[in-house]
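Structure, as structure tokens:
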Amino acid sequence: MDEVLRNMFPSITHGAVRLQVDPLDGTSRQVLVDELDGERCEVMRVGAPEATWVQVPAGDLIAYLRAALNEE
């Protein structure tokens with residue numbers, strides 16, 4: 001697993017995994033990840049103005065999550 005993602009606070013909500021930068025700050029950067037099948041996932045950046053589910057190939061998931069959680 002990626003070192004940046006290893007430090008995120010994971011939880012399960014509505015059938016998706018939520019990764020949150022700061023577990024004590026409900027407004028911190030966070031993403032929801034929902035596995036569609038073995039090859040694709042849907043990801044949503046919670047609280048982003050354009051927050052919609054985006055399909056991401058499983059092989060690109062870690063890079064996509066790192067980018068989403070590092071955005072300010």
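About the centre of its Cα atoms, the stretch 3-70 shows a dipole size close to 200 debye [charges on the beta carbon of Lys, Arg (+1) and Asp, Glu (-1) only; nearest 20 debye]. Each listed q (0.14 Å⁻¹) maps to a log10 I(q)/I(0) for the stretch 3-70 from the Debye sum over equal C-alpha point scatterers, namely -0.37.
Principal-axis analysis of the Cα atoms of the chain puts helix 61-70 at an angle of about 20° to the longest axis. Quick one: compute the contact order of the chain, relative version, from alpha carbon pairs under 8 angstrom and 6+ residues apart, as a percent. Once normalised by length, the contact order is 23 percent.
Per-residue ellipticity at 222 nm from helix content only, as computed over the chain with -39500 (n - 2.57) for each DSSP H run of at least four residues, stands at -5000 deg cm²/dmol.
Annotation for residue 27 and residue 6: the two label points, set 7 Å from Cα along the Cα-Cβ direction, are 3.2 nm apart. Once the C-beta distance of residue 39 and residue 63 is scaled by a Förster radius of 22 Å, the resulting FRET efficiency is 0.90 to the nearest 0.05.
Where a number appears in this text, it was derived from the coordinates with a stated rule and is not lab data. Note that the structure is a prediction, hence the values are computed from the model and not measured. Neighbour counts run over all protein chains shown; Cβ positions are idealised from the backbone, glycine included.
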